[in-house]
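Below is one structure; the comments refer to it alone.
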Amino acid sequence: MTSADLTTVATAGSASVFIPAPMTPYQGDIARYWDHEARPVNLRLGDVDGLYHHHYGIGDVDHAALGAADDGEYEKRLIAELHRLESAQAELLLHHLGPIERDDTLVDAGCGRGGSMVMAHQRFGCKVEGVTLSAKQADFANRRARELGIEDHVHARVCNMLGTPFETGQAAASWNNESSMYVDLHDLFAEHSRILAVGGRYVTITGCWNPRYGQPSKWVSQINAHFECNIHSRREYLRAMADNRLVPQAVVDLTPATLPYWALRATSSLVTGIEEAFINSYKDGSFQYFLIAADRI
């Protein structure tokens, strides 16, 4: 088959599924990147309680829970603490979705291995649909949903977040958790605006470069290269939202809240080499970590 064809993928324990080919070469690059990604930091943290995230953490480190660094169990406790901070980040995002009913549908755009989808269902009891370019991630998320017995409520599919199969106005709320740097923001928010019901809530947590710095710093450029992404500025987010009937209700600077996570991660055995770029860019003000919650009008 050529890249323009549909690809059939057989997954263990499930029927063969059709995976749409990427619409652009870049989407193909990103699909391959995440299909081959297997960093211990994502899997080891998820093994703590079965919630597998692909985002970073916020909040103060519980040093009492960590204990002494020379303790043989210290690294295990450190990994559990990093995971706690990542789950706290997801809880904050879900809190900003506002009131959600059990018969509502939520959409996670760039769902990764599905940790936030599981948390959303556990919190609200509703249906959660996730989309990702990675067949590997979608299969992982769906397998976890089956293991938890929530496959009727939590489902991931291979899909371009800029053109989802959901009906216009179907979603009560939707979000991007550190996934919006892979797409054009005007195209992204046009799709969220389409699938959201009027009055629905959109939330993103993202890293963005600071316009007051002038241009993306060398640290931001390193992060882009590491993840093969294109980090946007805070100004671009707000402008694209305004152009697509998404009116911000909360803009929260999480930069101070995420620095403790990065400082702790830099001391762990799970470092990936990008920790220095995050820490230095947050400290010099060239990079910021923001939550933006907006209503569809």
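Here are a few things to note about the model shown:
- Within the shell defined by Cβ-Cβ distances under 14 Å, the residues around GLY59 carry a net charge of -3, with Lys and Arg each +1 and Asp and Glu each -1.
- Fraction of alpha-carbon pairs over 26 Å apart in segment 68-202 - percent: 24
- Here is the list for segment 134-220: GluC sites (Glu not before Pro) lying in DSSP coil, each with at most 15 other C-beta atoms within 10 angstrom of its C-beta, are GLU151, GLU167.
- Magnitude of the charge dipole for segment 45-296, about its Cα centre and with charges confined to Cβ atoms of Lys, Arg (+1) and Asp, Glu (-1), is about 580 debye.
- For segment 227-297, the orientation-averaged shadow of the C-alpha convex hull comes to 5.7 nm² (one quarter of the hull surface).
- Three principal axis lengths of segment 134-195 [C-alpha, angstrom, descending]: 37, 24, 17
- With all protein chains kept in place, the per residue accessible area of the chain amounts to 44 square angstrom at a probe of 1.4 angstrom.
- Hydrodynamic radius (Kirkwood) for segment 152-290, which is based on Cα pairs only, to one decimal in Å: 16.3
- Accessible surface of the chain [probe 1.4 Å, protein heavy atoms]: carbon and sulfur percent: 53
- Rg ratio for the chain: its Cα radius of gyration over 2.2 N^0.38 Å, N being its residue count, equals 0.97.
- Kirkwood analysis of segment 193-235, using all unique Cα-Cα pairs, places the hydrodynamic radius at 12.4 Å.
- Scaling the Cα radius of gyration of segment 31-83 by the globular reference 2.2 N^0.38 Å produces a ratio of 1.32.
- In units of the compact-protein estimate 2.2 N^0.38 Å, segment 184-262 shows a Cα radius of gyration of 1.21.
The values are calculated or read from the model by the stated rules, or taken from the named source; none is laboratory data. Remember, it's a predicted structure, so these values are computed and weren't measured experimentally. Every residue, glycine among them, receives a Cβ derived from its backbone with ideal geometry; neighbour counts consider all protein chains shown. Surface accessibility is based on the protein's heavy atoms, side chains included, excluding ligands, DNA and RNA. Shrake-Rupley method; radii C 1.70, N 1.55, O 1.52, S 1.80 Å.
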